[in-house]
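The values are calculated or read from the model by the stated rules, or taken from the named source; none is laboratory data. Note that the coordinates shown come from a computational prediction; the quantities given were computed from them, not determined experimentally. Because the Cβ atoms are built from the backbone with ideal geometry, glycine has one as well, and the counts that use them run over all protein chains shown.
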């Protein structure tokens with residue numbers, strides 16, 4: 001799994017950052033090796049709608065899942081859950097659990 005983190009406040013200050021980051025990422029060996037690529041998007045601005053559609057379209061184009069958090073704790077909980085599930089794949093990725 002590959003993870004990219006972006007806070008919208010940072011994105012508003014440096015809008016070209018994520019464009020360059022995604023471009024470099026999709027051309028990397030890490031991207032080619034991973035089937036699960038995630039952008040954690042921290043909504044830390046008053047009006048997030050300005051650029052969310054553009055970011056979502058860009059991520060869909062590259063096969064990157066966007067997970068949205070309203071606080072740093074939300075993002076941390078996503079990461080904790082991913083780590084827990086990856087350490088317990090035998091429980092969560094078996095036929096009994098999925099059916």
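Data overview
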{"quantity": "Test result for residue 60, at pLDDT 90 or above, within 12 Å of the chain's Cα centre (by Cα), outside any helix (DSSP H, G or I) and at negative phi", "calculated": "no"}
{"quantity": "Residue match in the stretch 64-71 (condition: part of a helix (DSSP H, G or I) and modelled with pLDDT of 85 or more)", "calculated": "no"}
{"quantity": "Residue 50 vs. criteria over 16 Å from residue 2 (Cα atoms), under 13 Å from the mean Cα position of the chain (by Cα) and surrounded by fewer than 16 Cβ atoms within 10 Å (Cβ to Cβ)", "calculated": "no"}
{"quantity": "Selection count where residues are free of Cβ contacts under 8 Å to residues at least 24 places away in the same chain and either within 24 Å of residue 81 (Cα to Cα) or not in a helix (DSSP H, G or I) (or both), scope the stretch 1-24", "calculated": "1"}
{"quantity": "Output for the stretch 26-46, where each listed residue is closer than 12 Å to residue 59 by Cα and at pLDDT below 85", "calculated": "none"}
{"quantity": "Failed condition for residue 86, given (1) part of a helix (DSSP H, G or I); (2) in contact (Cβ under 8 Å) with a residue 60 or more places away in the chain; (3) surrounded by 13 or more Cβ atoms within 10 Å (Cβ to Cβ)", "calculated": "(3)"}
{"quantity": "Selected residue (only one of 70, 42 is surrounded by 15 or more Cβ atoms within 10 Å (Cβ to Cβ) and under 14 Å from the mean Cα position of the chain (by Cα))", "calculated": "42"}
